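Here's the structure we're looking at; comments come further down.
Quick note: the coordinates plus some simple rules give every number you see, no bench work behind them. Treat the numbers as computed from the prediction; the structure is a model and nothing was measured. Please note: Cβ atoms are built from the backbone with ideal geometry, for glycine as well, and neighbour counts cover all protein chains shown.
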Amino acid sequence: MDHPLKIVIVEDEPAAASQLQFLLGQLETPVEVIHIIEGVEEGLAWFQQNNTMPDLILSDIQLSDGVSFEIYEKITLETPIIFTTAFDEYAIRAFKLNSIDYLLKPIDQEALTTAIQKFKNQQLYHYSQLQSLLAQQAFMAKNYRQSFLVKFRDKLLPIKTEDFAFFYIDQGIVYGQLLDGKKYSLEFKLEDLEQQLDPAYFVRANRQFILSRDSVVTIESYPHSRVNIQTQPKAPSDIVISKEKVTWFKKWVANQVTIKA
């Protein structure tokens, strides 16, 4: 490629966009960031205008006014995309085989270099292939689990999903904690529950906990720019949200984000 690699960044966090620009500047490949888009509406407007199209898009998934897929649903782009996300469980299965790559925040130099090299090796890749995948998988209506049958002594008890405050793992056993204070052991992995629970109401807070929005009582400051979540009922241990997920988590609790499976 004779000219600098022209890149558009889709990212609503200024600090994350600045860090990404810094990392791009460290690449051996000459790079020019021609625009930074902070939201869905801005992205739709920019791509529909008569702007010079980039060679590559680096796109966060979760934006302040929705998910970036909403941009790519409504416009036709042939530009390859590298997705970025703070959540390793968020829609990655839908992209991993068909996008150029995805980068898990916080992004490091090695991962970015590898992704850019992959892009350079796949110049003939067309966005239409990714668009087809998204249409078939990422935006298909999904039926989330509405209830559970849990073992209690010699019985099976039906419990509505909405009655769970959170799910957590302790010494290899997964428990479901109800809003009324009861808890039951479940024959699930947290990874399986992630796929079965509606992400509009349940979120994987960390490796140990999946929280319902209704369980969150307070969000407290925690060392190293993290936060600790207080729940009702009280969790058996601290629920610490990593620095990279704090802003998104607050928006999710406030119901200020749009989540699609």
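Estimated at 0.36 nm per residue, the fully extended path between Asp108 and Ile173 surpasses their Cα-Cα distance by 20.1 nm.
A simple spin-label model places pseudo-atoms 7 Å from Cα toward Cβ; at Ser64 and Ala15 they are separated by 1.5 nm.
Between Ile159 and Glu73, what FRET efficiency follows from the Cβ-Cβ distance if R0 is 30 Å, with the result rounded to 0.05?
Values: r = 36 Å, r/R0 = 1.19.
About 0.25, to the nearest 0.05.
Between Lys151 and Gln48, the modelled labels are 5.5 nm apart [label points 7 Å from Cα along Cα→Cβ]. Within straight-line reach of Lys243, meaning a Cα separation under 29 Å, sit the following lysines at least 8 residues removed in sequence or on another chain: Lys96, Lys105, Lys118, Lys189, Lys234, Lys251, Lys260. With N counted as the residues of the range 136-227, its alpha-carbon radius of gyration over 2.2 N^0.38 Å works out to 1.17. Legend: calculated FRET efficiency, Asn255 to Glu28, from the Cβ-Cβ distance at R0 = 51 Å, rounded to 0.05, equals 0.70.
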